[in-house]
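Accompanying notes for the structure given below.
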Amino acid sequence: MKLLITGGAGFIGSNFISHILKTTKFSVVNFDVLTYAGNPENLAEFDSTPRYSFVRGDISDSKAVEGVLSAGFDALLNFAAETHVDRSILNAADFIRTNVVGTQTLLDAARRHGIPRYVQISTDEVYGSLGASGRFTETSHLAPNSPYSASKAGADLLVRAACRTYDLPAIVTRCSNNYGPFQFPEKFVPLMILNALEGKKLPVYGDGLYVRDWIHVQDHCRALERVLLEGQPGEVYNIGGSDERRNLDVVRRILQLTERSDELIQHVQDRPGHDRRYAVDSSKIERSLGWKPRIPFEEGLKETIQWYRENETWVQRVRSGAYLKYYEEMYDNRDHTLSRL
Ligand code: NAD
Ligand code: TYD
């Protein structure tokens, strides 16, 4: 298969590309505009792999999207998005441009080029917030509460419309909170790990009793591979780790594993509109595609802490902004352009 991956320089996209290149003979084109969240160093080990190419471009730029799609693909998986809830609260404009307009631009182009399969990587956050019991199923109402989740819900509905109106063979996946290697340290787990390792305060929003359903990124990637190969067009698949934790418990565990004191915990002002609890019912994908998460949170967290300990250079280059220059240094003078696809 020849895959077009959009947003493949981010956390989940780069883990997915790595998984695909290591476990299949598929070829991959990674189309990513490289925002602050895009780090081509995540895929540095494949820079000389002939089955992998990188194209810098914006999913909301229809000309650029047309250009890359004209190379011909068996499937398009859209990971590209603005993803940080706190940033969406400060300014939603980029979220609407990329997550909504960008998705529609991809759908239009995919339709024109007769793409045999389109997978939209979405999130459980489109369902809104749960009380103390219950779990999101694929038929739960969409009730997003942040500009981020509202923009992702908008994209999901556009995918549904393209499927119903134009028979675009599209699938939507909605996954719970991911953690693992290469996650940008503005997100909860890597931020807390790095602050703990450095002996800095760990900023816990509000009372810290918010609950997330954690899944290791490798389990998410295996689920996406199943959806790519066997998923039914027109369907939505929830993907969850079935491993619910309160934020405060996650922080305490990170402090134990890094041998730091609970005194580093600092309760800070809460996030406006903060969703209390997410929990995903994954029985549909388990039943129909034979997928199950394999990595227990405890094991995955230990391994992730170890990864951040061992990859100090990656962390330093993210912190200093040096990663933002990697593209110019590595790709600009090389024939990594459309002509090579
Ligand atoms: P990320 O923020 O780490 O990466 C996003 C990537 O998209 C970056 O490489 C960025 O450069 C690229 N991008 C942004 N705007 C673009 C544009 N206009 N054109 C092309 N590329 C663009 O995100 P992530 O955590 O890897 O999430 C990937 C997808 O999975 C997102 O769609 C997100 O909504 C979804 N998701 C994430 C989680 C999670 O816990 N991280 C959970 C469920 C679903
Ligand atoms: P986050 O990683 O931003 O994911 P999301 O909000 O999309 O679930 O946050 C996970 C949880 O951690 C969420 O309840 C907000 C909380 N949080 C903190 O308490 N402190 C922080 O510094 C951050 C970034 C998040």
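Table for the structure above
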{"quantity": "Of all DSSP beta bridges in segment 159-258, antiparallel share, percent nearest 5", "calculated": "35"}
{"quantity": "Structure-based [θ]222 nm, the chain - -39500 (n - 2.57) summed over DSSP H runs of at least 4, per residue, nearest 500", "calculated": "-11000 deg cm²/dmol"}
{"quantity": "Spread of Cα-to-Cα distances over 10 Å intervals beginning at zero, given as percent, for segment 174-281", "calculated": "14, 40, 30, 12, 4, 0"}
{"quantity": "Residue 1 accessible area, assembled protein chains, probe 1.4 Å, Å²", "calculated": "80"}
{"quantity": "Cut-off 13 Å between beta-carbons: net charge of the residues surrounding residue 59, Lys and Arg +1, Asp and Glu -1", "calculated": "-4"}
{"quantity": "Label-to-label distance, nm, for residues given as residue 207 and residue 23 (7 Å Cα→Cβ offset)", "calculated": "4.0"}
{"quantity": "Nearest-0.05 FRET efficiency for residue 51 and residue 167, computed from C-beta distance (R0 22 Å)", "calculated": "0.15"}
{"quantity": "J(HN,Hα) series, segment 160-166, from Karplus relation 6.51 cos²θ - 1.76 cosθ + 1.60, nearest Hz, glycine and proline x", "calculated": "4, 5, 5, 5, 6, 7, 10"}
{"quantity": "Contour minus Cα-Cα distance for residue 142 and residue 1 (0.36 nm per residue)", "calculated": "47.5 nm"}
{"quantity": "Translational diffusion coefficient (Stokes-Einstein; Kirkwood radius from C-alpha pairs) of the chain at 25 °C, 0.890 mPa s, in µm²/s", "calculated": "120"}
{"quantity": "Against the rule of thumb 2.2 N^0.38 Å, how large the Cα Rg of segment 35-160 comes out", "calculated": "1.17"}
{"quantity": "Largest-first ordering by accessible area, 1.4 Å probe, given options 167, 86, 249", "calculated": "167, 249, 86"}
{"quantity": "Cβ crowding within 10 Å averaged over residues, with 48-56, 131-139 ranked highest first", "calculated": "48-56, 131-139"}
{"quantity": "Counted charge near residue 31, where neighbours are those whose Cβ lies closer than 12 Å (Asp, Glu -1; Lys, Arg +1)", "calculated": "-3"}
{"quantity": "Solvent exposure ordering (accessible area, 1.4 Å, most first) of 157, 34", "calculated": "157, 34"}
{"quantity": "Burial order of peptide ranges 265-278, 217-230, 295-308, 143-156 (average beta-carbon count within 10 Å, highest first)", "calculated": "143-156, 217-230, 295-308, 265-278"}
{"quantity": "Across 152/187; 200/325; 22/187, pairs whose alpha-carbon gap is larger than 21 Å", "calculated": "200/325; 22/187"}
{"quantity": "Radius 10 Å from Cβ of residue 84, net charge of other residues (Lys, Arg +1; Asp, Glu -1)", "calculated": "-1"}
{"quantity": "Part-to-part distance (alpha-carbon centres) for segment 60-112 and segment 258-283, which is given in Å", "calculated": "29"}
{"quantity": "90, 130, 202, ranked by accessible area, largest first (probe 1.4 Å)", "calculated": "90, 130, 202"}
{"quantity": "Mean Cβ count within 10 Å, highest first, over the residues of peptides 9-15, 102-108", "calculated": "9-15, 102-108"}
{"quantity": "Cα shape, segment 52-124, gyration tensor, a/c 1.5 rule", "calculated": "prolate"}
{"quantity": "Share, in percent, of DSSP beta bridges within the chain that are antiparallel, nearest 5", "calculated": "10"}
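The values are calculated or read from the model by the stated rules, or taken from the named source; none is laboratory data. Since we're looking at a predicted model, the values are computed, not measured. Every residue, glycine as well, gets a Cβ built from its backbone with ideal geometry; the counts of neighbours run over all protein chains shown. Note: accessible area is taken over every heavy atom of the protein model, side chains too, but ligands, DNA and RNA are not part of it. Shrake-Rupley method; radii C 1.70, N 1.55, O 1.52, S 1.80 Å.
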